[in-house]
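The values are calculated or read from the model by the stated rules, or taken from the named source; none is laboratory data. Everything numeric here is computed off the predicted structure, so don't read it as measured data. Glycine gets a Cβ as well: all are built from the backbone with ideal geometry, and neighbour counts include every protein chain shown.
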């Protein structure tokens, strides 16, 4: 038992939110809260208290990096892994994203079958970094 | 994820995944409209980007790849390469829409007419296209 229970997904695309909820909740057994944008995610942090956040990079309004920076300002988010999801897969693009302070980057399209296990790696990494 | 890989899901979840996928396919005409009615270059790029990500997540890999290619040419303002890719994207999306309509008709066990066995029409009538779930490649 890893101890990872609550996962928040911040993703503006409704169809991707559905598949994230399906794969993480139904397949992975996590308690999942999907939010449709950065501000919606920020509004739910206190009530949901995620142990890991999956965060889309390219979103209208508040972008992924902007959302990450806002999340890191919250005391509740200290030590909580925040993992970007992006279609940008070039090494320099991934490096740029990590410099925002993300725990990791998951490249889209993600594999729905392996995603529940993949996020455990970031969960363990996040705990080890505390 | 190749289409066949959904079989890696436990059997109990395979049907649910397929239901989600059909739901996604049924929404493709709206995504096409979003791309074509985008009021700016940036919004059009964003709509293609979203389509690429969503399609690939559901195993609609051809649509995902074409949307990503279209995004690339649109960003580079290469209309010469963009046009044919958009035509192929429309065809791929039409095929998925038709497929999802066939499955829905079969599941509902209705005798109402559908596109089953008929080619998907291409028309300039935007509103009718939206209602019937067809995508105009123009």
(message) Take the conditions surrounded by fewer than 20 Cβ atoms within 10 Å (Cβ to Cβ), over 23 Å from residue A:37 (Cβ atoms) and either within 14 Å of another protein chain (Cβ to nearest Cβ) or without any contact (Cβ under 8 Å) to a residue 40 or more places away in the chain (or both) and apply them to residue A:96. Does it pass?
(response) no
(request) For the range B:67-94, enumerate the residues that are more than 19 Å from residue A:12 (Cα to Cα), within 14 Å of chain A (Cβ to nearest Cβ) and surrounded by 17 or more Cβ atoms within 10 Å (Cβ to Cβ). (result) B:69, B:70, B:93
(message) Looking at the range B:13-30, can you tell me whether even one residue there is more than 10 Å from chain A (Cβ to nearest Cβ) and in a loop (DSSP other than H, G, I, E, B)?
(response) no
(message) Let me spell it out: the conditions are (1) under 24 Å from residue B:59 (Cα atoms); (2) modelled with pLDDT of 95 or more; (3) more than 14 Å from chain B (Cβ to nearest Cβ), and residue A:68 meets all of them except one. Which number is the exception?
(response) (1)
(request) Run residue A:44 past the list (1) more than 14 Å from chain B (Cβ to nearest Cβ); (2) within 27 Å of residue B:9 (Cα to Cα) and report the number of the one that doesn't hold. (result) (2)
(request) Taking only the range B:38-47 into account, find how many residues are within 17 Å of the chain's Cα centre (by Cα) and over 14 Å from residue B:86 (Cβ atoms). (result) 1
(message) Among the residues that make up the range B:57-71, is at least one of them in a helix (DSSP H, G or I) and farther than 20 Å from residue B:95 by Cα?
(response) yes
